[in-house]
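The values are calculated or read from the model by the stated rules, or taken from the named source; none is laboratory data. What you are looking at is a predicted structure, and each value in this text was computed from that prediction instead of being measured. Cβ sites come from the backbone with ideal geometry, for glycine too, and all protein chains shown count toward neighbours.
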Amino acid sequence: MPLVLFRAERRLFSGALLFPPNLSVFPMPEPILPGVIFDIDGVLMNSNPVHYESWRLMALEDGFDFTPRLFQETFGQRSDAIIAGHWHRPLPEDEILKMADRKETIYREMIQERFPAMPGAAEFVRALAERGFPLSVGSSGPAVNVDFVIDRLGIRPCLKGVVSGTDVSRAKPAPDIFLACAQKMALPPGRGAVIDDSASGVQAAKAAGMKIIGFFSVGHEPEEYEGVDLLVHSFDELSAERVLALF
């Protein structure tokens, strides 16, 4: 902890020293490091192709062509919201939830066979944790997916909190997930930086009043990252110093 030395002197009214000067030592508080919030899909995991394939397979079971364009437009949103807003036929709520569960089941089966960790992701999380950065994960995915990925990467001990789409009433592009992460890190939103690859994540981070590091991933377009504070293509381009420079 830094120390500041104050020179204490007592003088007579004439200005002469009554006592010799002494030094009093007062501890100064450590600066509070900003918090970093990690998205999962497209950031901690190179999972975008797997998500598209699981959507395509589930949709085929219902006779629906889930196109790459629809996938790009809705990426980062909660599965039940995507089905409710973009399906080829009206669906009751119970069927929407059933289909969303089916899609996520297909997805988990695929990543269990071949886990697509993003190169350098776990190492970067651990490096920030060792420096003392408060860290959390904020994803629109269901809690069972989020927990599976965190445990598979082995980063749970590094995190102050985890917020999934299951934990909030409004997922991205609403700011609720990231605001909940800030609460878990005990930081004001303005002291948070979000690493996200989707347009909905960028919008959510902006709405939360946080810094946004755009993580350019497969299947996205440059215009989706308009207004980000920093744009990177891999974790090789990130460091603790680059995060600190945003504040």
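With respect to the conditions (1) at pLDDT 90 or above; (2) surrounded by 18 or more Cβ atoms within 10 Å (Cβ to Cβ), residue 90 falls short on a single one, namely (2).
A count restricted to the stretch 100-126 and to residues that are out of contact with any Leu (no Cβ under 9 Å at 6 or more places or on another chain) and part of a strand (DSSP E or B) stands at 0.
Just need a number here: residues in the stretch 212-247 that are at pLDDT 95 or above and within 15 Å of residue 173 (Cα to Cα). Of the residues in the stretch 212-247, 3 are at pLDDT 95 or above and within 15 Å of residue 173 (Cα to Cα).
A Cβ distance below 7 Å, combined with a sequence gap of six or more or placement on separate chains, defines the contacts here; from the stretch 199-219, residues that are part of a helix (DSSP H, G or I) reach residues that are at pLDDT 95 or above and aromatic (Phe, Trp, Tyr) in the pairs 204/178; 205/178; 208/178.
Report yes if residue 171 is assigned to a loop (DSSP other than H, G, I, E, B), under 14 Å from the mean Cα position of the chain (by Cα) and either among the polar types (S, T, N, Q) or buried (at least 19 other Cβ atoms within 10 Å of the Cβ) (or both), otherwise no. Yes; evaluated as a whole, the condition is true for this residue. Filtering the stretch 67-81 to residues that are under 12 Å from residue 103 (Cα atoms) and either at pLDDT 95 or above or part of a loop (DSSP other than H, G, I, E, B) (or both) leaves only 78. The combined condition, being crowded, with 17+ Cβ neighbours inside 10 Å and under 28 Å from residue 222 (Cβ atoms), is not fulfilled by residue 64. If you go through the stretch 168-189 and keep only what is under 17 Å from residue 135 (Cβ atoms) and not aromatic (Phe, Trp, Tyr), you end up with 177, 179, 180, 181, 182, 183, 184, 185, 186, 187, 188, 189. Candidates are the residues of the stretch 107-147 that are over 27 Å from residue 175 (Cα atoms) and of a type in the set (A, V, I, L, M); the one that is farthest from the chain's Cα centre (by Cα) is 110. Each residue in the stretch 127-142 was checked for being outside any loop (DSSP other than H, G, I, E, B) and either touching a residue at least 40 places away in the same chain (Cβ under 8 Å) or more than 22 Å from residue 210 (Cβ to Cβ) (or both), and 8 pass.
For (1) assigned to a strand (DSSP E or B); (2) at pLDDT 85 or above; (3) out of contact with any Leu (no Cβ under 7 Å at 6 or more places or on another chain), each residue gets a yes or a no:
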residue	(1), (2), (3)
24	yes, no, yes
31	no, no, yes
36	yes, yes, no
43	no, yes, yes
50	no, yes, yes
53	no, yes, yes
58	no, yes, yes
64	no, yes, yes
